[in-house]
Structures are given as C-alpha cells and as structure tokens.
Amino acid sequence: MLIIRPIAIIWALPYTILGLLIGLFGLCTRGRVLRRWPLEFYGGGVEWFLSRLPSDLVMAMTLGHVILGRTKAALDISREHELVHVRQYERWGPFLGPAYWACSLFLWLRGKDGYHDNPFEKEAWGE
Ligand SMILES: [Zn+2]
C-alpha cells in the first residue's frame, strides 16, 4: 500500500489525468473500477485500449496514480510490478515518460530490447 502524499500526487498528475480519462472511457464502455489507491480500472474500453498497444500482450500499465488492466485477474497478477511504476512516477513526475522512452530508444539503437533491458522495467521486475 502506498502512502498518499499530496506533493507526489501533484508531481504525477499529468499522467494521472491521462489515466483517468482512459479509465472513464472504460467505465462508459462496461469497464469497472476498483476503488482503492492507486485507482485501478479494467475491462471495457480499457481492455480495448491495452489490446491496441504495439507490444504483444500488455496485461496492465500505469499512468501516474492510475493502473489500467485488461481484466481484474490481470491487475491481480501485475499489481506488484505496476506499484513500482507508480513509485517511479512519484519520483520522476512529468519526466518519467521522456526518460523511459529515451532509455528505450538508446537501448534499441544499441541492439538491445527497449522493454526488457529498460532500467525502469528492470526495477519493476525486481532485477
Ligand atoms: Zn512495467
């Protein structure tokens, strides 16, 4: 369980707003929300959104203080991993997206895997 800190909420807010918009889209399309902190949305339009991401099978993803999952089971499986990403958003704030993608691009240019070799993912996988 994460401690709710106002400064961390504000710092991650740009991504949280994006996550909320996708989550609300999910709620309008038969999706569900788990009323917990951070907020977790699944099903409906959220499942549709995640299924259209370029990676093969994205079960869940984190945007600020919002975790999006294909299903409730997907959220249960990936929660620990996604909570590490929440902490990364709290640390990096608006810079997380550019830093993450810069790492992926750098790794890709060096012939490595932009996802599995990415230090943000490695931290989330406990490597
Ligand atoms: Zn991850």
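Principal axis lengths of segment 88-127 from Cα atoms, whole Å, largest first?
Projected onto its principal axes, the Cα set of segment 88-127 covers 30, 22, 8 Å.
Could you order peptides 17-25, 60-68, 113-121 by the average number of other Cβ atoms within 10 Å of their residues, highest first?
On the way: 17-25: 17.3, 60-68: 24.6, 113-121: 15.3.
Highest-to-lowest ranking by the protection proxy: 60-68, 17-25, 113-121.
Expressed as a fraction of 2.2 N^0.38 Å, the rule-of-thumb size for a compact globular protein of N residues, what is the C-alpha radius of gyration of the chain?
Numbers: Rg = 14.2 Å, N = 127, 2.2 N^0.38 = 13.9 Å.
Rounded to two decimals, the normalised Rg is 1.03.
Mind giving me the nanometre distance, one decimal, between the label points for ALA99 and GLU123, set 7 Å out from Cα along Cα→Cβ?
0.6
Please report how far the C-alpha centroid of segment 99-121 lies from that of segment 32-86, rounded to the nearest whole angstrom.
When both Cα centres are located, 21 Å separates them.
I need the helices of the chain that pass two filters: whole DSSP H segments spanning 27 Å or more by Cα along the axis, and mean Kyte-Doolittle score no lower than -1.0. The partial results should precede the final answer.
Details: long enough: 72-92 (28 Å, -0.96).
Length and hydropathy pass: 72-92.
Pop the C-beta distance of ARG32 and ASP76 into the FRET formula with R0 = 22 Å and round what comes out to the nearest 0.05.
Working: r = 13 Å, r/R0 = 0.60.
According to the calculation, E is roughly 0.95.
Computed from the coordinates by the stated procedures, all read-outs in this text should not be read as laboratory data. All values derive from a computational prediction rather than experimental measurement. Here Cβ is always computed from backbone atoms with ideal geometry, including for glycine, and neighbour counts include all displayed protein chains.
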